Amino acid sequence: MPTTPTATWNRHHVLTLADFTKAEYNIVLQTAASFQEVLSRRTKKVPSLQGQVVANLFFEASTRTRSSFELAAKRLSADTLNFASATSSITKGETILDTAKTYLAMGTDIMVIRHREAGVPQAIAAEMDRLGVRVSVLNAGDGQHEHPSQALLDLFTICSLIDPENPRLQLLKNKKIAIVGDILHSRVARSNIWSLTASGAQVHLAAPPTLLPQLFADYVKDEEVGEDERGRGGEGERGKIPNSESNIQNRNLFIHWQLEPALKDADFVMTLRLQKERMTGHLLPSLREYHQMFGITRTKLQLCQPSVKVLHPGPVNRGVEISSDLMDDPEFSLIPAQVTSGVAVRMALLYLIGSGKS
Amino acid sequence: MPTTPTATWNRHHVLTLADFTKAEYNIVLQTAASFQEVLSRRTKKVPSLQGQVVANLFFEASTRTRSSFELAAKRLSADTLNFASATSSITKGETILDTAKTYLAMGTDIMVIRHREAGVPQAIAAEMDRLGVRVSVLNAGDGQHEHPSQALLDLFTICSLIDPENPRLQLLKNKKIAIVGDILHSRVARSNIWSLTASGAQVHLAAPPTLLPQLFADYVKDEEVGEDERGRGGEGERGKIPNSESNIQNRNLFIHWQLEPALKDADFVMTLRLQKERMTGHLLPSLREYHQMFGITRTKLQLCQPSVKVLHPGPVNRGVEISSDLMDDPEFSLIPAQVTSGVAVRMALLYLIGSGKS
Amino acid sequence: MPTTPTATWNRHHVLTLADFTKAEYNIVLQTAASFQEVLSRRTKKVPSLQGQVVANLFFEASTRTRSSFELAAKRLSADTLNFASATSSITKGETILDTAKTYLAMGTDIMVIRHREAGVPQAIAAEMDRLGVRVSVLNAGDGQHEHPSQALLDLFTICSLIDPENPRLQLLKNKKIAIVGDILHSRVARSNIWSLTASGAQVHLAAPPTLLPQLFADYVKDEEVGEDERGRGGEGERGKIPNSESNIQNRNLFIHWQLEPALKDADFVMTLRLQKERMTGHLLPSLREYHQMFGITRTKLQLCQPSVKVLHPGPVNRGVEISSDLMDDPEFSLIPAQVTSGVAVRMALLYLIGSGKS
């Protein structure tokens, strides 16, 4: 069991990283580090959540994330229940809140929730709080909103690379991190923007204009906008975000319509999954053209720091977001490390929100 | 582990409540009460079925009931196997009995079976007995026939409310219990009629004529039948049921085509799920009209005892069988308690039929 | 835990039986025998793989085989993860190797893989070896290629029948074993040919010409070929197989286009599942005609040794590959014994490839 100072952990649900404190980030990182150490032992299980029930309520299919949470729960000796909407009573007309309350009444201690609509985990958490029950909710991805455990595992992967013994938020101070691809539709990007800007890193977003939130369009940096595009974008301003998202105001956030300025001297490049179905919405010319413009290749990486590393939340469309050879190159790719970190970080989250319960 | 007198428990399968004795009902209630107590402890697991295999063979999809059985089995430290017909070799032409025999040969100790056809669990149990094996079968819902564990959890929920320390059948003596809705198609109603009439409660069924078994039509109470309907119904007689169902003869069973006489002074109101697909069979006018006539609301509950409680087996069609606000009102709704009871009652059933095995 | 001499076990993956040594067959048989004994005890679990993760990656649906592996893993106290392609990110464009690497990175120790394409488990194993990781791969059926655990459980079933205390390969020396049915498409047949010919048994294949590999056509025994078929077959030679499959050269393998010579004096008859969809490919006249010609019945069994036993890998098309009454007759049918053996043999395989890991 971890010896980290969880006394200062007061968060009951993990729904968003928007209000995460630096102390909370560091507790997650340290707890995950101690579980990473557990996972390297002969016996990889700890009895922390023995007798507790973790229900994976996946209203949107995801084998990868569900397996990661399931394994994390089992490593903590919890009992797990899996719910997938395809075989559920959702199809019988029950509401999502009713489904959650059913699992609550069965004795679930922690609900891990994924849904294609933004806000569902928050709504379930609010209902649990209203009912005065001690059930915790963990957002495993809600629509295009957030995916906190993914961003935390990305954070842990990067920090652990810099200092495996003592991963901490401060390690990213002034590191340049590029986030490349479909920012508009990416819950992974949203959560990562919160954690990375909180760390003091310089976060550079690069996406074609059609895949960037409208909100950001006014902040594209001037020099990147071609003559014909100037009318659409306008003069960007460093890290200045309108009041409607005031929390990220004055953070080191930069917006680009082209890849090169984001990659220049970057320490880390986070690529995002491209939903191929975006093509049908005419948001993209062709996969081939997308790869030419925003796909990460060895050649393009030469713009970055020599020690640059590439991340991707998976599953990867090889040859689209990233060239196939680069993805498999252990010198550059942190993708397997991300998956491994995922189990440790999810153990940490389940442990932190679950350990006060029984 | 429970200290109840299980020595008197001789039932090997739980397929129907038609032949349950009062002693058996009471053993289930007492065993469930002791497991309910276990579930409130820090460590919610007992080693009763360690090393045993509980296979959930769900030929009809049901996340709720399957999860409840799965959790009950895990709380008893059994290993669980889940079988869902969608991914099964049923689609490859194997018979259901062959599937069951395959799970038998793998070493399954208890089979929990749901099927859309009435009689399947019975057929499998008969085959197991014919083979001389010690495998137990638990009916988790067969067609429109029975759903014994649901009725037992309803019974436990009601009895526990009256006397949490010592829930027992006798507590329902002379209580008035209304069962409202689609009696015709409801396996839940069928099983509940057995258990509730056995308890000595006065059981009042209320349903539109099209959703009541033809068998019952002759016994609708006279005063409720309007001029135009008299030809269809006829004079009812209290608790008198034809010979073909002689077991429930002389029990306190009353049949109504209208809601009000069933609700009058009722202590408990059990609502039944309305399968919306019944609409296509022209058995119902509209959901709205159904709700007006048979949906349970605060207003209608004023006919009942002030302490009346409402049950529903779930999943609920909010605003159809029951008004949405009533469903969520802890003063009236026992629905969450039913789900919680479900785990304890299923633990009791698995324990009782499984404990003599290994 | 088994006391068998596993010191001599050096195989890291189980992908094919083509290169299995006699010593390896015997280690599997002896280890399975000791687990069979464990399964008869009160507590059927052993802690051999505690803390290890067994991932069932089933890219092709199979409840039966997946449940058998899952139960075997649980009996060894491993944690299990189930992956089914229907709900997987395969549909999101990820490659199979990427899926496997994701499960690797999560901490999987053993991958049990089924895929409709031949060679997938081999490709994954090769990739794991290339990466220098200690993950083991177990082929649970790949296309029409191999199904080693099925052939090993068949072998164990037969050998255990002859000498339950000490099942060993030599027991089959000079036994006559008929394999009947769709040899062409059967991975079960392929794997069984390797193990049975290795044992020194006389293996007789019987299939209609359209369901026999072209390779074998030249080796159909002369006397069986009618005038009109002679042109297609030609003079067969005992056990002589072309160089392309040199490993089975000089083994006692016989090919027949008719059932009777294969059954004559046979000690065991292995029937193969007939994929009904073969009908659409015009490879078969009708199921009824197939049953008349190649279906196993009591009458046809009179050609065999009086003690003859019948096997089938399941699921059975009753009345097609085998008559329904025969399948249920414990005097002749080893089908339930095969399923039971399956758990013990899979425990043995998981134990043997997994025990050196942690």
ask   = Mind ordering A:204-213, C:319-328, A:299-308 by average Cβ neighbours within 10 Å, highest first?
value = A:204-213, C:319-328, A:299-308
inquiry  = Taking loop as defined by DSSP and a crowding limit of 10 other beta carbons within 10 Å, which GluC sites (Glu not before Pro) in region B:90-141 fit?
reply    = none
query = Under 5 Å between amide H atoms, partner at least 5 residues away or on a different chain: which partners does B:Gln202 have, H built in plane at 1.01 Å?
reply = B:Asn174, B:Lys175, B:Lys176, B:Ile177
ask   = How big is the charge dipole of region A:263-358 about its Cα centre, in debye rounded to the nearest 20, if each Lys and Arg gets +1 on its Cβ and each Asp and Glu gets -1 on its Cβ?
value = 320 debye
request  = From other protein chains only, count the Cβ atoms within 10 Å of every residue's Cβ in A:331-339, then give the mean.
outcome  = 2
request  = Would you kindly derive the ³J(HN,Hα) couplings of region A:299-310 from the backbone phi angles with the Karplus curve 6.51 cos²θ - 1.76 cosθ + 1.60 (θ = phi - 60°), listing them in order in whole Hz, with x for Gly and Pro?
outcome  = 4, 5, 5, 5, 6, 8, 4, x, 8, 4, 10, 10
request  = Would you mind ranking C:Thr95, A:Thr108, C:Thr8 by Cβ crowding within 10 Å, fewest neighbours first?
outcome  = C:Thr8, C:Thr95, A:Thr108
Computed magnitude of the charge dipole of region A:5-89 (debye, nearest 20; Cβ of K, R +1, Cβ of D, E -1) = 380 debye
Pseudo-label separations to other copies for A:Glu260 - Cα-to-Cβ vector, 7 Å, nm = 8.4, 8.4
query = With charges set only on the Cβ (+1 for Lys and Arg, -1 for Asp and Glu), what does the dipole of region A:62-198 come to about its Cα centre, in debye to the nearest 20?
reply = 280 debye
request  = Work out from phi, with θ = phi - 60° and the Karplus expression 6.51 cos²θ - 1.76 cosθ + 1.60, the ³J(HN,Hα) of each residue of region C:21-30, listed in order in whole Hz, and give x for Gly and Pro.
outcome  = 8, 4, 4, 5, 4, 5, 5, 4, 4, 6
note = Between B:Ser77 and C:Thr8, Cβ-based FRET efficiency (R0 51 Å, step 0.05) works out to 0.90
ask   = For C:61-69, what's the mean count of beta carbons from other chains sitting within 10 Å of each residue's beta carbon?
value = 6
inquiry  = Beyond a 19 Å Cα-Cα separation, which of these cross-linked pairs lie in this structure: A:Lys74/B:Lys44; B:Lys264/B:Lys309; B:Lys173/B:Lys300; B:Lys176/B:Lys300?
reply    = B:Lys173/B:Lys300
Exam field: C:Gly319 pseudo-label spacings to other copies (7 Å along Cα-Cβ), nanometres = 5.0, 5.0
request  = Enumerate the calculated ³J(HN,Hα) couplings along region B:311-327 in order (Karplus 6.51 cos²θ - 1.76 cosθ + 1.60, θ = phi - 60°), each rounded to whole Hz, writing x wherever the residue is Gly or Pro.
outcome  = 10, 7, x, x, x, 8, 8, 4, x, 10, 6, 8, 6, 4, 5, 5, 4
query = Mind checking the mean number of beta-carbon atoms from other chains within 10 Å of the Cβ atoms in C:340-350?
reply = 1
query = Shortest first and in nm to one decimal, what separations exist between B:Gln292 and its copies in the other chains, measuring from label points 7 Å along the Cα-to-beta-carbon line?
reply = 6.6, 6.6
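A short reminder: the numbers here are calculations on the coordinates, not readings from a lab. Model, not experiment: these values are computed from the prediction. No Cβ is skipped: glycine too gets one built from the backbone with ideal geometry, and neighbour counts run over all protein chains shown.
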